[in-house]
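A.B. asks: Below is a structure I'd like to ask you about.
The values are calculated or read from the model by the stated rules, or taken from the named source; none is laboratory data. Because the structure is predicted, anything quoted here is derived from the model rather than measured. Cβ: placed from backbone, ideal geometry, glycine included. Neighbour counts: every protein chain shown. Ligands, DNA and RNA are excluded from the accessible area calculation, which covers all protein heavy atoms including side chains. Shrake-Rupley method; radii C 1.70, N 1.55, O 1.52, S 1.80 Å.
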Amino acid sequence: MTTTPVTPPHRSVIKRLSAMLGPIFSIAILGVALWFLHRELAGLSRSALIDQIRSIPLLALFASVAFAACSYTVLTGFDATALKYLKSDIPYRRSALTAFMAYAVGNNVGVAALSGGAIRYRMYTLAGLTATDIARIIIFVTATFVLGACAMFGMALLLMPETQTTLLRIPHQVLQWLGCLLFAVPLAYLASSILRRAPLKLGHWQFPLPRPAIAFTQLGISICDMTFACATLYVLFSAELQMGFFPFLGVYLLALVAGIISSVPGGIGVFEAVLVAALPQLDTAALLGTILVYRLIYYVAPLTLALLLLVGHESRQHAHVLRRSTAQARHFLSGIAPQAMGTAVFLAGVVLLVSGASPAIESRLHLISRMIPLPVLELSHMVGSVVGVGLLILARGLHRRLHSAYLAALAALLTGIGMSLLKGLDYEEALLLAAIAIALWVSRHEFYRQGSVSAQRFPAPWLGAIALVMCLATWVSLVTFHRVDYSNALWWQFALDAEAPRMLRASFIAALMALGFALWAALRKLPMTVLNEDTGAEDENLRQALANAHYAAANIALLGDKRYLWSADRRTFIMYQIRGNSWIAMGDPVGPEEQHEALAWDFRELVDSYNGRVVFYQVSDKSLALYVDLGLALVKIGEDARVSLCGFSLEGSARADLRQARSRATRSGASFEVVPRAMVPAIAADLRRVSDSWLTEKSVAEKGFSLGSFSEPYIANFDCAVVRVDQEIVAFANLWTAPQGGELSVDLMRYDQHAPKSIMDYLFTELMVWGSHQGYQWFSLGMAPLSGLEQRPLAPLWHKMGNLVFTHGESFYNFEGLRKYKEKFSPQWESRYLACPTGWFDLSLALLDVSSLISGGATKLLGRQHHLKDPQ
């Protein structure tokens, strides 16, 4: 038995570069867009920008807010229609709240399928949907957006006057043909929903088409959303735009799609650059000022409202917890608070950095100068930017539920509030930080994990997001102070009106801090697991932890073919093995339940440090929230058959077959006995003879990982049930027990050619009777793979594939026969899942690695598989 961890795999340059490609692409696109904007807005003055914002009519502002509200209201219909497509009974009130939060976050954070999809995953999982259902919702709403974009963009190009095509610098005929092509996409989709009943097939993938009513609804709500979103910006422009709504819609959609493709949060910079390039007839101050107001209305206000709704909901749920401790409230808080607060704190960091790169309002600056000395003003400006960088870093720890990150973030927010007031009475910024601090305090119970903020891993996308924010802050400072003649003397100018030097010093310190952190995170040495050479002590630790096991299959830890990750007090462990790039944990953590979550997070972070794929195999439905919190997708892989032993009896018609099997074996001279663990070595030779005979007759090799294999040291760990005929052992089964769960099960169950017929029925029956007398509550017959998958027409693709293999896969495994055999014992079926990263690619590789690990290699995987509890 070894506990030595694997040597960390070599991280090639190609892997590192591939992990950085996404952030590098986003940074490059943002850089180009900011460079273009900087060139185009070189002559822009701050006063002209403020004058433009003030010149927007109040009626136009009200109309813009109304159109934005209509857009987000329509967006809730995306999820409602998707749920109708899935035939889900989730009420509209819940789906609307989920959709609003998902779109408010997705529009601001970027990569809406992931950022908004994370919120959908949290909310809908708690509502009972599977990971595959949620993935289909995300695909459905994405397709709905694409349909509307194609229809509206195509219509805009078709209706665009020839005189306006010069704005896009594309020939009019090309735009007409492009418009026809785009408009044909939704028409083809609608026609397919009417004429085609069979699902679309792309290779092994199948996509059931929605009914015509749903398809038309998709197109309708998407068109309404596009119209309202575009109108939100359109009404803010004055008459000087000189452009009809549909031509402007084409430009708007072009800018919107460019921002989405760039993956820059909110498309900031990219959206503006496209509009500036496509609308040269507008004054730059008029254009930029209007876009700023638009972003406040359509992006910042909904995000703020979403956070306030979350805070209000959490406050109510917190009161309910105090009164009656409802499980639903706790699940909601645990599923949403870390991600929402992490995003909010990250946003607070962005606000502080952008504020530090911007000048203060002159009247407030003169007012604050009468109350505090200049050195305090200078220091508060620099400290505010440093706190902003710190909040960007701490947001990662909040995602991980670290208590230390919560304390540090709360202190940083309070410091940021003080700095916002001291550097220029920026009370709006202080109120925003205060709201986030209050929300964080309300959610304080969700940040309970112990650990250091510096010990966590910072993946490339997170470092890329911090780099994007630093680029944004730098660009804001360059645009705001573009008239300043930069020189070395600026560094040493300290005066009330010397705002450019203050910005320069604060930006330099913030950039230096961010760069130092990035280098530290990228170059620091990965922690190594401590080696444990004392295998005797390790065996004792395993037995003590197994004494607190809640499921009998945890005893597979004693097989000796796994590695172990231990809690600090060595009371809880995760058993795992590595195959390919998959780090596969067998079952749930073993030990006291209060330590499961912390240890699962440690395992996730250990795997991440080696750039591996984290996989949990055969986890129970009682721990699903834990794996969802780890960011893993859950796939049902079968069901475990458990027979209740409370009052177990062979009486009655339901047990007639078992009584007959017992009688036949008894008449054949069979006798049953449970040999205590201490006496097992004395009969080890007889057990070896029976095992070898069984393997030869079945023409199979030993398995591993989730299935036991015969060896004297392994068998000696357990009591052993034996069947004798004429005093000779003809069958045996080593017994697994779970003291805390009251569960009894078997691992190896083998017999030779002299065993009576129906020997397995006899042995199972005697064990259940014996277990009932010994006070056990359950007898586990083990898992039936691919059992219990959904069979409805709109079932997820994985379930359809699993049902096909379950029904027709008898050539390599008797799936259906195994299920029918276990049914004769009238068990209760409990679902078992595989938890792995989202996506079909990771799922496929995880399943392949698990199967190869159990079979002992890829070549053995292709042979016929015999489970130790197959029917005879």
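A.B. asks: Go through region 556-577 and give me each residue that's open to solvent by 10 Å² or more (accessible area, probe 1.4 Å) and of a type in the set (D, E, K, R).
C.D. replies: Once the filter is applied, which keeps residues that are open to solvent by 10 Å² or more (accessible area, probe 1.4 Å) and of a type in the set (D, E, K, R), region 556-577 yields Asp561, Arg563, Asp569, Arg570, Arg571.
A.B. asks: Out of all the residues in region 165-172, is one or more among the hydroxyl-bearing types (Ser, Thr, Tyr), at pLDDT below 75 and either under 25 Å from Val270 (Cα atoms) or in contact with a Leu (Cβ under 6 Å, 6 or more places away or on another chain) (or both)?
C.D. replies: There is at least one residue in region 165-172 that is among the hydroxyl-bearing types (Ser, Thr, Tyr), at pLDDT below 75 and either under 25 Å from Val270 (Cα atoms) or in contact with a Leu (Cβ under 6 Å, 6 or more places away or on another chain) (or both).
A.B. asks: For region 611-633, which residues satisfy the criterion of being open to solvent by 30 Å² or more (accessible area, probe 1.4 Å) and farther than 20 Å from Leu707 by Cα?
C.D. replies: Of everything in region 611-633, those that are open to solvent by 30 Å² or more (accessible area, probe 1.4 Å) and farther than 20 Å from Leu707 by Cα turn out to be Asn611, Asp621, Lys622, Leu624, Ala625, Gly631.
A.B. asks: Out of Leu626, Leu632, Leu650, Leu599, I need the residue that is within 16 Å of the chain's Cα centre (by Cα) and over 20 Å from Leu853 (Cβ atoms). Which one?
C.D. replies: Unique residue meeting the criteria: Leu626.
A.B. asks: Here are the criteria: (1) in a helix (DSSP H, G or I); (2) open to solvent by 50 Å² or more (accessible area, probe 1.4 Å); (3) modelled with pLDDT under 75; (4) out of contact with any Leu (no Cβ under 6 Å at 6 or more places or on another chain). Tell me which single one His331 does not satisfy.
C.D. replies: Of the numbered conditions (1) in a helix (DSSP H, G or I); (2) open to solvent by 50 Å² or more (accessible area, probe 1.4 Å); (3) modelled with pLDDT under 75; (4) out of contact with any Leu (no Cβ under 6 Å at 6 or more places or on another chain), the odd one out for His331 is (4).
A.B. asks: Using the structure shown, decide if Gly418 is in a helix (DSSP H, G or I), open to solvent by 20 Å² or more (accessible area, probe 1.4 Å) and out of contact with any Phe, Trp or Tyr (no Cβ under 8 Å at 6 or more places or on another chain).
C.D. replies: Criteria met by Gly418.
A.B. asks: Assess whether Val345 counts as being at pLDDT 70 or above and either open to solvent by 10 Å² or more (accessible area, probe 1.4 Å) or under 28 Å from the mean Cα position of the chain (by Cα) (or both).
C.D. replies: Yes; evaluated as a whole, the condition is true for this residue.
A.B. asks: With respect to Ser487, is the statement that it is open to solvent by 30 Å² or more (accessible area, probe 1.4 Å), more than 14 Å from Leu353 (Cβ to Cβ), among the polar types (S, T, N, Q) and at pLDDT below 80 true?
C.D. replies: Considered against the rule, which asks whether it is open to solvent by 30 Å² or more (accessible area, probe 1.4 Å), more than 14 Å from Leu353 (Cβ to Cβ), among the polar types (S, T, N, Q) and at pLDDT below 80, Ser487 comes out as yes.
A.B. asks: State all residues of region 397-415 that are among the hydroxyl-bearing types (Ser, Thr, Tyr) and buried (at least 24 other Cβ atoms within 10 Å of the Cβ); if no residue qualifies, say none.
C.D. replies: Across region 397-415, the qualifying residue is only Tyr406.
A.B. asks: If you scan region 71-93, which residues turn out to be assigned to a helix (DSSP H, G or I), open to solvent by 20 Å² or more (accessible area, probe 1.4 Å) and either of a type in the set (Ser, Thr, Tyr) or under 16 Å from Val300 (Cα atoms) (or both)?
C.D. replies: Passing the criteria: Thr73, Tyr85, Tyr92.
A.B. asks: Which residue is nearest to Gln740 (Cα to Cα), if the candidates are limited to region 578-595 and must be open to solvent by 30 Å² or more (accessible area, probe 1.4 Å) and in contact with a helix residue (DSSP H, G or I) (Cβ under 8 Å, 6 or more places away or on another chain)?
C.D. replies: Arg579
A.B. asks: Would you kindly identify the helices (runs of 4 or more DSSP H) lying entirely within region 580-674 that contain at least 2 residues that are among the aromatic types (Phe, Trp, Tyr)?
C.D. replies: Fully inside region 580-674 and qualifying: 596-609.
A.B. asks: I need a count of the residues in region 718-747 that are under 39 Å from the mean Cα position of the chain (by Cα) and either surrounded by fewer than 23 Cβ atoms within 10 Å (Cβ to Cβ) or in a loop (DSSP other than H, G, I, E, B) (or both).
C.D. replies: The number of residues fulfilling the criteria is 6.
A.B. asks: While we're here: Identify, please: which residue in region 421-435 is crowded, with 24+ Cβ neighbours inside 10 Å and either at positive phi or not charged (D, E, K, R) (or both) and is, among those, modelled with the highest pLDDT?
C.D. replies: Leu433
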